[in-house]
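Engineer: Pasting in a structure now, in structure tokens, and then I'll have a few things to ask.
Nothing in this text is a laboratory measurement; each read-out follows from the coordinates by a stated rule. This structure is a prediction, so every number in the text was calculated from the model and none was measured. We place every Cβ from the backbone using ideal geometry, glycine too, and count neighbours over all the protein chains shown.
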Amino acid sequence: MAKAALDRIGYAPASGAIGVHVTGAGLDTPAQGETAAALRQALHEHGVLFFDFGQPLTRDQFETFAALFGELEQGYRLSTGKEDVAAMADPMMDSEKLPMKDFGINKWHSDGTLFENPPQAAILTCVEAPEAGGETMWASAYAAYEALSGPLQRMLDEVDVLHSSRRLEWMKSDASAVHPAVIRDEFTGRKALFVNSNYTDRIVGMSERESETILQMLFEHLNTPDFHVTHRWQPGHVAVWEQRITQHRGVAGFRGPRKLRRLTYLGGRPAR
Ligand SMILES: [Fe+2]
């Protein structure tokens, strides 16, 4: 029975570098078993998995399906210092209440890297799609690392970076954490560039000028379209992504309301 379910799963690349469209996985796929294990492995290989269930998911359906990919965090810790946004029990990325530009959502980032234990992954489902625009983009941090020259890779392999809210005007958080600049995915063994333009503050042990020059170059490098996939939402779509091997951003240009329900997965310390 479980074998038949696994045989029905199909993968079609969503871009050259990152993401696959997954077919054959039902909303009732059990969180244990070989189908779930194969989907979790695929998440670490491809960074983002896209599903299309044809019609909007109920909150219960979404939560049940989301359980396939790990242990969920209660609520959503956006850490703005504003209670109303920080403690959403049913987190909805609603363009009317959470304007993208106000919260750095339209800049490349990985979520919560200013915490010692940033989220491992996140999942979104589209409840209401804008008439046009409002895509979400993901970048492969594997591809970004692998495209760097050997000497730069070797330097980055050895350094740590401080993450904080310094670059974000809207965020009032005292949280900060030091992580490796390059992490290794525990499923695939591949290395990924782990610096992002929202939270990465500086390279530990370097002068301000050295650190900022290298970081700005890496932020620009990550912005290379060759590493990206862009997803145009329709109601019933689901996207789940691994945070440490990808970065993401929204496209703030769109027409009409945009509502995406979101859940976040607990994570441990990023490691090299
Ligand atoms: Fe985000």
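Engineer: Determine, for F194, F254, the number of other Cβ atoms within 10 Å of each Cβ, and report the residues in order from fewest to most.
Structural biologist: Listed from fewest to most nearby Cβ atoms, that is F254, F194.
Engineer: Among Y142, T125, L156, which residue has its Cα furthest toward the positive end of the charge dipole of the range 120-168, with +1 on Lys/Arg Cβ and -1 on Asp/Glu Cβ?
Structural biologist: L156
Engineer: Then there's this: For the range 140-222, what's the relative contact order in percent, using C-alpha pairs closer than 8 Å and at least 6 residues apart?
Structural biologist: It comes to 32 percent, rounded to a whole number.
Engineer: So what are the ³J(HN,Hα) numbers for the range 58-72, from phi and the Karplus equation (6.51, -1.76, 1.60; θ = phi - 60°), rounded to whole Hz, Gly and Pro as x?
Structural biologist: So the Karplus estimates, Gly and Pro as x, are 6, 4, 5, 4, 5, 5, 5, 5, 4, 4, 4, 10, x, 8, 8 Hz.
Engineer: In whole Å, what three semi-axes, largest first, describe the equivalent ellipsoid of the range 140-222 built from its Cα gyration tensor (square root of 5 times each eigenvalue)? Could you put the intermediate results ahead of the total?
Structural biologist: Values: eigenvalues 91, 44, 28 Å².
Each semi-axis is √(5λ); the values are 21, 15, 12 Å.
Engineer: Which number gives the lysine pairs in the chain that have C-alpha atoms under 23 Å apart and are eight or more places apart or on different chains?
Structural biologist: Value for the chain: 13.
Engineer: Here is a further query. For the chain, what does the helix formula give at 222 nm: sum of -39500 (n - 2.57) over DSSP H segments with n ≥ 4, over the residue count, nearest 500 deg cm²/dmol? Walk me through the numbers before you get to the answer.
Structural biologist: On the way: 7 runs with 61 residues, N = 272.
Dividing the helical sum by the residues of the chain leaves -6000 deg cm²/dmol.
Engineer: What does the charge add up to near E131, with Lys and Arg as +1, Asp and Glu as -1, over the other residues with Cβ less than 15 Å from its Cβ?
Structural biologist: So the surrounding residues net to +1.
Engineer: Continuing with the same structure: Evaluate the Debye formula for the chain with equal point scatterers sitting on the alpha carbons, no solvent, and hand back log10 of I(q)/I(0) at q = 0.11 Å⁻¹, in q order, two decimals.
Structural biologist: -0.59
Engineer: May I ask you to derive the relative contact order of the chain, considering only C-alpha pairs under 8 Å and at least 6 residues apart, and to give it as an integer percent?
Structural biologist: Relative CO of the chain lands at 33 percent.
Engineer: Can you compute 3J(HN,Hα) from phi for each residue in the range 46-51, using the Karplus curve 6.51 cos²θ - 1.76 cosθ + 1.60 with θ = phi - 60°, rounded to whole Hz and x for Gly and Pro?
Structural biologist: Values per residue, Gly and Pro as x: 9, x, 9, 10, 10, 10 Hz.
Engineer: For the range 141-153, take each phi angle, set θ = phi - 60°, evaluate the Karplus expression 6.51 cos²θ - 1.76 cosθ + 1.60, and give the result in whole Hz per residue in order, putting x for glycine and proline.
Structural biologist: In residue order, the calculated couplings are 6, 5, 4, 5, 5, 5, 7, 6, 5, x, x, 5, 4 Hz.
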